[in-house]
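First up is the structure itself, then whatever we jot down about it.
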Amino acid sequence: MGIVIAILANALLLFALAWLLPYDGASGTGIISSGTWSLYLVWGALLGVLNFFVKPVLKIFGFPFILLSFGLFTFVITGIILAMLEWVLSAANLPGVRFEIEGFSTYAFAVAICSVFNILYRLVFK
C-alpha cells in the first residue's frame, strides 16, 4: 500500500509542478508537459525509483558538501534527480510525451516545491 501512495504522491507532485510552473514562450522558462494521468503515474513511479536508488548514493557521495553547506546541498541533489528524470523521459522518445524543465529559475522553483512536498509527505505518511 505504501508504494501505491508514494507513486500517487509523486504523480501529484509532477502534475503540480507542471501546473504551477507552466512554460512561458516569451521568457523561455517553465515546464513543458504533455501527457495523461496514466503517464503521470508512470513518471511518478520512475521518480520513485530514482529517489529510492540514486538519491541515497548521491547523498553518500555528497555528504561532505551537505555538512559544509548545513544541508543546503540536498537541494542540488534534488535538482540532479529532476534533471535525471527529465533526461530519462526525453531519452525514451515516446510520441506525444514531453516533460521538459526549461531555465535555471524553473529548476530552482521546482526543487523548492519538491523539497517542501517531500517534507510534508514524510510528516504525513512516514
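Could you tell me which chymotrypsin sites (Phe, Trp or Tyr not before Pro) in segment 62-126 are loop residues by DSSP with no more than 12 other beta carbons within 10 angstrom of their beta carbon?
The qualifying sites are Phe70.
With +1 on each Lys and Arg Cβ and -1 on each Asp and Glu Cβ, how big is the dipole of the chain about its Cα centre, in debye rounded to the nearest 20?
In debye, rounded to 20, the chain gives about 420.
Could you tally the net charge around Trp43, taking each other residue with its Cβ under 13 Å from the Cβ of Trp43, Lys/Arg +1 and Asp/Glu -1?
Counting the neighbours of Trp43, the net charge comes to -1.
Evaluate Rg over Rh across segment 70-126, taking Cα atoms for both radii and Kirkwood's formula for Rh.
1.05
What relative contact order, as a whole-number percentage, does the chain give when Cα pairs under 8 Å and 6 or more residues apart are counted?
Normalised by residue count, the contact order of the chain is 32 percent.
Mind checking which of Gly30, Phe73, Thr106 is farthest towards the positive end of the chain's charge dipole, using Cβ charges of +1 (Lys, Arg) and -1 (Asp, Glu) about the Cα centre?
Positive-end residue among those listed: Phe73.
With the crude spin-label approximation of a point 7 Å out along Cα→Cβ, what separation in nm comes out for Val116 versus Trp87?
2.8
Given the rule -39500 (n - 2.57) for each run of at least 4 DSSP H residues, summed and divided by the residues of the chain, what is its mean residue ellipticity at 222 nm, to the nearest 500 deg cm²/dmol?
Using -39500 (n - 2.57) per qualifying helix, the result is -25000 deg cm²/dmol.
Readers should treat all values here as calculations from the given coordinates under stated rules, not as data from a laboratory. Please read all numbers here as calculations on a predicted model, not as lab measurements. FYI the Cβ positions are ideal-geometry reconstructions off the backbone, even for glycines, and counts take in every protein chain you see.
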